[in-house]
Amino acid sequence: MKTVAEDGRFPGVDLRVGRSRIGVGVEIGRGSVIVADELVLGDGARVGAGCDLRSAHLELAAAAQVAERGRLLVADRLRVGAGSRLDTDASVVCRSLDVGAGSYIGQRWQVGAGATMEEHSTVTVGDNCQIAPDVVFNATEPVVIGSGVGISAHVAVFTHGYHSGHAVRDGHAAAFAGVVVRDGVWLGFRATLLPGVEVGEGTVVAATATVTRSLPPGVLAAGVPATVRRALTPQPLDDTGRRRAVDALVESWLRRLAFKGLDVRRAGPVWEVSDGSGGAWRVRSAGSAGRCEVTVGSGRGEAVFVFAEPLAVQGELDVLGHDLRDFCRRATWMFPYRTNSTGVVPERFARLLG
C-alpha cells in the first residue's frame, strides 16, 4: 500500500491507498486519514476534517459526504451512495456497509456495541432514508434497512443478546439473528428492535416500543412488547387537498424565512425575499388540476418544485432553494436531488457563530 498524499491535492491528509479514482471537486478535510486498497471518490464527494476511514474498498459516490470526525472501520466494502450524508461523529465498525442514494444519517450514528468484526456483520441502508441522531445498530448479524425508512432519535437495533450470568448450559437462551426493516417504515423515538425481527413495509412503530416479534406490513404497533394496535389506512390527497396542503406549506416556509432574518414581502402573485446582503429572490406558487408548482427564482435562474407525483425539482438549487427543500423534507415532501439540503441558519444564531 502506498501513500499518495504527495500530489498536493489534499494537504494535511494521510492518504494510504493502492488504487484510486478521484473525481473533480472532491474535498478532504485536514487531519483526516483514509486507508484503502481501492478508493473511489465521485465528483463533489466530501470528507470532513478529522475523519478516519478504512476499508478494503472505500467508495463515496458523487456528492456523498462523511462529515467531521467520522470513524469508519469497514473491513471489506464501505459505500455511501450519491448525495447521501453521514453527519458528524459517526462511529462504525462492521464487515461491510452500503448506504443508498439520497439518505441522511444523523450525528453520532453508532454501528458496533458488540462483536462487529465478525463474518455476518453487514449493514445495508436503502435510498432516501432519514435517520436521526444517536441511533445504535448492534450489527453482529446483518441489519437491513429498506428505502424511504424514517428512524427517530435514540432508536436501538440489536442482533444479538445474551448475558454470561445466564448460561445456555443452565437452560437460558442466547439470541443471534439479523434484523430487517422494510421500505417505508417509521421507527419512533427510543424504539428498540430485538434479534430476528422483521418490520413489514409501511409499518409505524410507536415511541419507546420494544419489538420482540416480527410485525406485518401497514400497521401501527406500540407497547412493550410491541403489539399491533390497528391497521393503517391512509387516503391520498385529491387535487384540491394537495393544492391546499402546498399553499399551507409555502405560507409556513415564508414565515420561517422571516424568523430567520430575511425580508419577505408580498407583491401581487409573488413574494419577494431578500437577505440584506445582496441576495434577492422571487417565490411564486401556481397550480392546475393535478399539478402544483412552486418556483424560487433569483438573478442566477429559477428552480421549480413540482408537487405532482413523482415529486421533482427542475433546475439548480441555490441557498434559498435548498432551504425550501429542507423545509419540505421535514414536512414529509421528499424531493429528490443529487445532494442533501440544509436550511439557512437564522440570523440570531448566525451572528453568534460568525
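The values are calculated or read from the model by the stated rules, or taken from the named source; none is laboratory data. The structure presented is a predicted model; accordingly, all values stated were derived computationally and were not measured. Please note: Cβ atoms are built from the backbone with ideal geometry, for glycine as well, and neighbour counts cover all protein chains shown.
Tabulated values for the structure
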| read-out | value |
| --- | --- |
| Condition check for Phe305: part of a strand (DSSP E or B), closer than 17 Å to Gly102 by Cβ and out of contact with any His (no Cβ under 6 Å at 6 or more places or on another chain) | yes |
| Near pairs, Cβ below 9 angstrom, 6+ apart or cross-chain, from the range 326-339 (over 14 Å from Ala64 (Cα atoms)) to any residue that is surrounded by 16 or more Cβ atoms within 10 Å (Cβ to Cβ) and basic (Lys, Arg) | Phe327/Arg256; Trp333/Arg325; Phe335/Arg325; Phe335/Arg329 |
| Candidates Ala303, Ala286, Ala267 - the one that is exposed (fewer than 11 other Cβ atoms within 10 Å of the Cβ), of a type in the set (A, V, I, L, M) and not assigned by TED's automatic domain parsing to the domain that holds Leu215 | Ala267 |
| Output for the range 217-233, where each listed residue is out of contact with any Ser or Thr (no Cβ under 7 Å at 6 or more places or on another chain) and in a loop (DSSP other than H, G, I, E, B) | Gly223, Leu232, Thr233 |
| Count - residues of the range 270-281 that are of a type outside the set (Phe, Trp, Tyr), buried (at least 17 other Cβ atoms within 10 Å of the Cβ) and in contact with a strand residue (DSSP E or B) (Cβ under 6 Å, 6 or more places away or on another chain) | 1 |
| Single match in Val136, Val125, Val66 (criterion: closer than 22 Å to Gly178 by Cβ, of a type in the set (Val, Ile, Thr), crowded, with 21+ Cβ neighbours inside 10 Å and in contact (Cβ under 8 Å) with a residue 12 or more places away in the chain) | Val125 |
| Among (1) among the aliphatic types (A, V, I, L, M); (2) loosely packed, with under 12 Cβ neighbours inside 10 Å; (3) over 26 Å from the mean Cα position of the chain (by Cα), the one test that Val228 misses | (2) |
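Results for (1) within 26 Å of Phe327 (Cβ to Cβ); (2) among the β-branched types (Val, Ile, Thr); (3) in contact (Cβ under 8 Å) with a residue 12 or more places away in the chain; (4) not in a loop (DSSP other than H, G, I, E, B), shown as yes or no for each residue.
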| site | (1), (2), (3), (4) |
| --- | --- |
| Pro236 | yes, no, no, no |
| Ala258 | yes, no, no, yes |
| Trp271 | yes, no, yes, yes |
| Gly287 | yes, no, yes, yes |
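The rows are residues; the columns are (1) over 30 Å from Ala56 (Cβ atoms); (2) in contact with a helix residue (DSSP H, G or I) (Cβ under 7 Å, 6 or more places away or on another chain); (3) modelled with pLDDT of 95 or more; (4) assigned to a strand (DSSP E or B).
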position: Ala101; (1), (2), (3), (4): no, no, yes, no
position: Met117; (1), (2), (3), (4): no, no, no, no
position: Val123; (1), (2), (3), (4): no, no, yes, yes
position: Phe137; (1), (2), (3), (4): no, no, yes, yes
position: Thr140; (1), (2), (3), (4): no, no, no, no
position: Ser147; (1), (2), (3), (4): no, no, yes, no
position: Gly184; (1), (2), (3), (4): yes, no, yes, no
position: Arg213; (1), (2), (3), (4): yes, no, yes, no
